[in-house]
Amino acid sequence: MKNNQGKPMPLLLAEDDDDDFLLVQEAFRDSLIANELIRVCDGEELLQFLRMQGKYAGRQKSSDPSLILLDLNMPKMDGRTALQEIKSDPALRHYPVVVLTTSNTEEDVFRS
């Protein structure tokens, strides 16, 4: 996706594991995806980024992500809770979210 100036919009990755982050970076690079990849490390930081709170209070609206890649298993606030917060907040529910997980439990798939 591109913004109004034709520039690729950032993608937001909520992932606490450094190795998984590097794997996603490599896959994007190999696929020639030009979008900036922004990383947050837990659900609380994800919500602060989206709501422009805490250390993200001064961020530019132009850094709004076109897509959120969400790990389910993270510290502080897990991806399940963060997804519920995003989809229940009228100001955030428009963000498309792709859930990334190694879990194959039916409950995780159903809830996501």
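How many residues are among the aromatic types (F, W, Y) and under 16 Å from E45 (Cα atoms) when one looks only at the range 6-29?
First, the residues of the range 6-29 that are among the aromatic types (F, W, Y): 21, 28.
Checking which are under 16 Å from E45 (Cα atoms) leaves us with 21.
The number of residues fulfilling the criteria is 1.
Looking across the range 28-52, the residues that are hydrophobic (A, V, I, L, M, F, W, C) and closer than 27 Å to T81 by Cα come down to F28, L37, I38, V40, C41, L46, L47, F49, L50, M52. A Cβ distance below 9 Å, combined with a sequence gap of six or more or placement on separate chains, defines the contacts here; from the range 26-47, residues that are free of Cβ contacts under 8 Å to residues at least 60 places away in the same chain reach residues that are surrounded by 15 or more Cβ atoms within 10 Å (Cβ to Cβ) and basic (K, R) in the pairs G43/R80. Counting only helices (runs of 4 or more DSSP H) that fall entirely inside the range 6-112 and contain at least 1 residues that are at pLDDT below 95 and hydroxyl-bearing (S, T, Y), the qualifying elements are 79-88. Test D16 against the stated conditions and say whether it is surrounded by 14 or more Cβ atoms within 10 Å (Cβ to Cβ) and among the charged types (D, E, K, R). Considered against the rule, which asks whether it is surrounded by 14 or more Cβ atoms within 10 Å (Cβ to Cβ) and among the charged types (D, E, K, R), D16 comes out as yes.
The values are calculated or read from the model by the stated rules, or taken from the named source; none is laboratory data. None of the values given here were measured: they were computed from a predicted structure. For neighbour counting, all protein chains shown are included, and Cβ atoms are generated from backbone atoms with ideal geometry for every residue, glycine included.
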